[in-house]
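Worksheet: one structure, shown below.
The values are calculated or read from the model by the stated rules, or taken from the named source; none is laboratory data. Just so it is clear, the structure is predicted and the values come from calculations on it, not from any experiment. All Cβ positions, even for glycine, are placed from backbone atoms using ideal geometry, and neighbour counts span all protein chains on display. The protein model used for the area step is the full one, side chains on, heavy atoms only, and it has no ligands, DNA or RNA in it. Shrake-Rupley method; radii C 1.70, N 1.55, O 1.52, S 1.80 Å.
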Amino acid sequence: MTANMQPVTQRVWLVYALFIAASFAGFFYCLILGQFNGDFFPQPVFAPIWTLFFVLIVCVLPHLLTYRLAGVLDKIRPRYVYEPAQGPLFALLLIGSLSHIAATLLYGVGIMDREVYTAPTAVAPFIQVLNRVDPFYLGVFFILATPKRPSSDLLAIVLMITIGFLRAGLGVFNYVFIALAVKYSVELMTIFRRAPWVAVAAGAALPLVISPLYELRNQLRGHSQFDLSMSEIIFGRFIGRLSAYSNVAFINQNGQSFDWAARALEPLFYVKQMLQPMLGSGIAPAMTPEKLLIAGTQSYEGYSSFMTGMPGNFIMAWSLSPGIAVLNLSLTIAMICAILWISRFLHGGAASAFGLSMLVYPLTSGVANEFSLLLMNTVILLAFSIAFGRRRVAAGVVARG
């Protein structure tokens, strides 16, 4: 079976399995050690086991339901699909990535844990347009939509990692992993079946890579170094950041405090967050659940936030109003469906898996602007493929007329 004919869910299952496994790891970490991992490491856990298990279910459910929905849509093939031409796609990657690098170097655009950038009046509109195209989504799409050539993949990876380091973040490595795991899913499973020792060796080498990267990130952000053991770095920090489990459990454990704090939210905070990637930061709400979560545990300067996950976001919205919670959930479901539906029209390599593979991040964080930014970029990439690509009859569909 070729990559184009392989169902999307078969290409992406490994990614979803690992992110779901991170939630299970968070559950057992809290249960066995009695402390949170991730953002709230190493604060103590007081919630009973049935509460921790319930949090595990609600954290895993969005990933499972989205994966199932993608499987249903896999069976509804569009009449035509659109494959971007390799030359224009290469130009888009190069121009887009270098533009983001220049914007970050010159004006501090997108740097983590920093105040909002300032740019000259004449340049600001160009940066605003540039920010509509996420460089990491662009890199992932390039990797997925191009043939399996290490040289072209390496170019995209180098550009993505360069932007990630310039912006003082490590999340770029998750994007790279997701793209490569989806594109080379068949090859990876073949290797693991024939040489399982490779998986063991990769797991053993992980601590040797993670620890220096965390030290580098702290230096880039100007943070003090943490004296943590290797197991604390891997399970307490790294794996904890791949799941919102501990954050949702922390919200649940301190339910009364966050129920009171949620009153600071605007009724349309989620809608405003959702529109922010399209209309700019001027429409952003002054307070969000992510800001409340970090403000409740440490001095807050307005430059960082903790992810609440979809369940945590829903809990805070429900504290504000059940109607608002239902509205927010409905908008989230609509965006998920739209992303998966539009991705069906993307063609070339594993391009049709773009939406499902990138949804794993917003499904974990629960942040409205991450869903809407992904939706907007999916639309942009499809429009690009239509304008600078070829229309093909979808596999298994007979075109008439």
Would it be correct to say that VAL55 is closer than 24 Å to TRP341 by Cβ, part of a helix (DSSP H, G or I), among the β-branched types (Val, Ile, Thr) and open to solvent by less than 70 Å² (accessible area, probe 1.4 Å)?
-> no
Across region 172-198, which residue is surrounded by the fewest Cβ atoms within 10 Å (Cβ to Cβ) among those that are in contact (Cβ under 8 Å) with a residue 60 or more places away in the chain and small (Gly, Ala, Ser)?
-> ALA181
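To keep it simple, each residue is scored yes or no on (1) within 28 Å of PHE40 (Cβ to Cβ); (2) aliphatic (A, V, I, L, M); (3) touching a Gly at 6+ places or on another chain (Cβ under 8 Å).
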position: PHE258; (1), (2), (3): yes, no, yes
position: LEU265; (1), (2), (3): yes, yes, no
position: MET274; (1), (2), (3): yes, yes, no
position: ALA284; (1), (2), (3): yes, yes, no
position: MET310; (1), (2), (3): yes, yes, yes
position: ILE324; (1), (2), (3): yes, yes, no
position: LEU327; (1), (2), (3): no, yes, no
Answer from PHE142, PHE90 - the residue that is crowded, with 19+ Cβ neighbours inside 10 Å, assigned to a helix (DSSP H, G or I) and of a type in the set (A, V, I, L, M, F, W, C) | PHE142
Given VAL116, VAL72, VAL81, VAL129, which one is over 29 Å from SER281 (Cα atoms) and open to solvent by 50 Å² or more (accessible area, probe 1.4 Å)?
-> VAL72
Do we find that ARG68 is assigned to a helix (DSSP H, G or I), out of contact with any helix residue (DSSP H, G or I) (no Cβ under 8 Å at 6 or more places or on another chain) and either at pLDDT 95 or above or charged (D, E, K, R) (or both) in this structure?
-> yes
Of ARG390, ARG344, which residue is over 24 Å from VAL172 (Cβ atoms), of a type in the set (D, E, K, R), surrounded by fewer than 19 Cβ atoms within 10 Å (Cβ to Cβ) and in contact (Cβ under 8 Å) with a residue 24 or more places away in the chain?
-> ARG390
